[in-house]
Structures are given as structure tokens and as C-alpha cells.
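Structure first, then comments.
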Amino acid sequence: MSLDSHDSTGNGTVAAGNIAVNDPLRAEIAAAVDAVRDTTPLAQSLTNFVTINFVANAQLAVGGTAAMHYSGEEAGALDSAGASKATYINMGTLLAEFRTEYPAAARDAVERGLPWVLDPVGAGAGELRGEILRAFHETPPTIIRCNASEAIALAGIWGLDGADSKSRAGVEAHDEIDAAIPAAHALARFTGGVVSVSGAVDLVTDGECDFRLPGGSVWMTKITGAGCSLGGVTATYACVARPLVAALAAALHYNRAADSAERVAEGPGSFQVAFLDALWNTTADEIAQSPIYG
């Protein structure tokens, strides 16, 4: 499915056709939301120091369970005990020991057939970060959750099509979503999974089918951890749904919750509180019937 798209709002590119309200994909999304709330699955997180609290709270707010640590050995223990159903690895803040710990956690997930989600924060910036990301080439993630610049940089690190030497590395996105489409396709095809690229209008792709998800709030850029926590929530959904559905459900859930929070917030602090409340209160039908263009 390709995108015949245009920009009608000035806030991002939106594809021409909205997925029908009775499309089976929407039923899968609603079922994933209900399954998380009914089963409270555990997706363990190896995530960064700055946002760890928000990641855990977001996973709890959508109905999941959180376990936060930095150890590949502990990741393996949770996997082998059957406690964790997915793993989330976030590259935001690194220590030297993560050179072995993070690849070990990814390797354990792959060996056990469990999904894992990568947020390649700051891809392209620094040798340690590059070394760890190169190691993931051997045990690729099920879902990559990133911004446009990170998608382009990661494609370059893995030697895939879609890389652009002009893309600026770092935490904040400098490239537009459309510039990342070739990289996102290449990454999805290489991993056999899904790439979720956040922006004014989000892009979710499995390398063959592209979906655009409008919505969300500018306030998301004014709080720390919005993207990191989306990665954690994506892993929560990956516990109960196939990768494409997990990535769509997480991004749509975030967009609807952000829409709701913006209506009552008076600034970044109150927005963050309202956003967590909205993650908890937004219904499965509201999430599944959100605009999906593809």
C-alpha cells in the first residue's frame, strides 16, 4: 500500500484515504487495547536515566506492567521465568557497560522468540552509541520507534538504503518524515518488522504498507520522555499483538491521549499529568476509530 499524499494542514503530510471504519485492522487495534487492560502484560525496559519514571508510568497507565533495569542478565532471567513478554531498549543515556548489556538483552529476546522494541535515541552521535547500534544488526528489533533523523542515521549505521549523510544526528528530529520514508522502508524490510516514525503526522510502516496517523499535541515536544515512553508503551502492546498492530495501537493511543490532555492543560506540567490520566481513560473504540490514512 503506497501513499498518494498531500499536505492540507501545514502540520504534516497526510495520505489521501482514511482506512474504513469497519476495516479488520481497526478491530485488531481495539482488541489489542482490551488485551493489555485485561492481562496487564509485562514489557521490561532498559531505558534512559532521564525518562525512566515517565516510561514506567505510561506503561502502567495504558494497563501494562513495568520493570526497569539495565542488565542483560536480568533481562534474560525475566524472559526465562516467563515474566516478561517483550523487551524495550532505549539508547538515550549510555554507560560503558551497556556495550555488552544491551546487545545481550536483545540477543536473549531473539533467542527466546520474544518481541523487542528499539528506540535508537541520538543514532549517529558518538562511538559508544554507534557500537551498540551496530551490534543490534545481528539481532534486529521487532519494532523500531524513532524520529525521522534517527531512522535515517540507523539505516546508515546498518549499511542499508535510505541513509543520508546530511541528516543531523541527535535526540531532536531535524529531518521531515517524508525524508525518512526510504530509510524506514529499508529498516522494516531488513528486520522483517515495523518502523514507527514520530512527527507532526506519524508514519508506521512494515516496508510494504504505510500508514499515516495525524493528531497529538505540540505539548508533547515540551515534556521530557514523550518519545521514550511511547517506545515503552509500544513494547507493552507488542506483548499482545503482532508488530504492525502494536505500533499502530501505541501511536494512536498516544495521539488521542495528547489531544485530550491539551484541552485541559495550562502548561507542560499539567499537560504531563493530564496526559497520563488520558492514557488511562481513553477507550479502545476511541483509539481504534482514530484517523488512519494509508
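The values are calculated or read from the model by the stated rules, or taken from the named source; none is laboratory data. All figures in this text were calculated on a predicted structure; none of them were measured in a lab. Here Cβ is always computed from backbone atoms with ideal geometry, including for glycine, and neighbour counts include all displayed protein chains.
Summary table
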quantity: In the range 113-134, the residues that are in a loop (DSSP other than H, G, I, E, B) and closer than 14 Å to ALA151 by Cβ; calculated: PRO120, VAL121, GLY122, ALA123, GLY124
quantity: Looking only at the range 54-87, and only at residues there that are within 21 Å of THR282 (Cβ to Cβ) and not aliphatic (A, V, I, L, M), the one that is surrounded by the most Cβ atoms within 10 Å (Cβ to Cβ); calculated: GLN59
quantity: Search result, residues across the range 64-98 that are more than 24 Å from CYS146 (Cβ to Cβ) and modelled with pLDDT of 95 or more; calculated: THR65
quantity: Matching residues, the range 183-227, being within 19 Å of VAL55 (Cβ to Cβ), surrounded by fewer than 22 Cβ atoms within 10 Å (Cβ to Cβ) and charged (D, E, K, R); calculated: LYS222
quantity: Which numbered condition LEU94 fails, given (1) within 15 Å of the chain's Cα centre (by Cα); (2) among the hydrophobic types (A, V, I, L, M, F, W, C); (3) part of a loop (DSSP other than H, G, I, E, B); calculated: (1)
quantity: Number of the exception - LEU118 against (1) among the hydrophobic types (A, V, I, L, M, F, W, C); (2) surrounded by 24 or more Cβ atoms within 10 Å (Cβ to Cβ); (3) in contact with a Ser or Thr (Cβ under 8 Å, 6 or more places away or on another chain); calculated: (3)
quantity: GLU262 vs. criteria surrounded by fewer than 24 Cβ atoms within 10 Å (Cβ to Cβ), more than 13 Å from ALA58 (Cα to Cα), in contact with a Ser or Thr (Cβ under 7 Å, 6 or more places away or on another chain) and at pLDDT 95 or above; calculated: yes
quantity: Per-region count, the range 267-294, residues surrounded by fewer than 17 Cβ atoms within 10 Å (Cβ to Cβ) and part of a helix (DSSP H, G or I); calculated: 8
quantity: Unique match (being in contact with a helix residue (DSSP H, G or I) (Cβ under 6 Å, 6 or more places away or on another chain), more than 17 Å from ARG37 (Cα to Cα) and among the hydroxyl-bearing types (Ser, Thr, Tyr)) among THR205, THR234, THR224, THR282; calculated: THR205
